[in-house]
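Taking it in order: structure first as structure tokens, then the write-up.
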Amino acid sequence: MFFKAARHEARRHQTAVGICIVAGIAVTHVAATQAAQLCVLNGVPPFFSMWFSTGWNVLLALPLLRLGTADVSVSKLVCSVLPFYALWAGANTMYVAALGSLTSSLTTALFSVTPALVVLFAVPLLRRRLTLPSLLACVLAAAGVALVAQPWRTTEAGGGAISLHGLAAVLGAASCAALYKVLFKRR
């Protein structure tokens, strides 16, 4: 009886921690998107926000260079990390470019197709099978994004038309982010 109560309490604790982590990620994503859009609207180049977000990755990765990488040369480490930074820089640059022509809520909604793209990129790159539930999840994700974005609304109907430049930029950002995740899993 005691062990059952202890397991139940541990599960509740894990659930509470998981909810706090998801809420923290959501809040920081919204804050970063709003800050990036303010930078775009005030003429700050997108390279600043890209540098700021990737700079933290570098600072956090520096201690890892001292731990267990004594047999890895710096050039080998740079060559293995460089494609990931290129994808991350591409995702950030295109995301900020999309914020210049789309609203932040629309950009975030369109960027939400990233998990569906991860599933689709995993098929050829990780040799994963495309199952019916994962295919259905991709279709539902795309339909949900379409319902939020409502590309059929026009300016006469009270909505804003979606610019093709912004749409291409945010889908490019989502593709770069998805490739980053799939290639990281492959490595």
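Read-outs: derived from the displayed coordinates by stated rules, not from any lab. Since the structure is predicted, the reported quantities are computational estimates derived from the model, not experimental observations. With ideal geometry, Cβ positions are generated from the backbone for all residues, glycine too; neighbour counts draw on all protein chains shown.
Taken over the stretch 85-143, the percentage of Cα pairs per 5 Å bin, counting from 0 up to the bin with the maximum distance, is 4, 17, 20, 20, 17, 14, 7, 1. At a Cα cut-off below 26 Å, give the lysines reachable from residue 76, other chains included and same-chain residues fewer than 8 away excluded. Cα-Cα hits under 26 Å: 181, 185. Charge tally around residue 125: other residues with Cβ under 10 Å, Lys/Arg +1 each, Asp/Glu -1 each, net +4.
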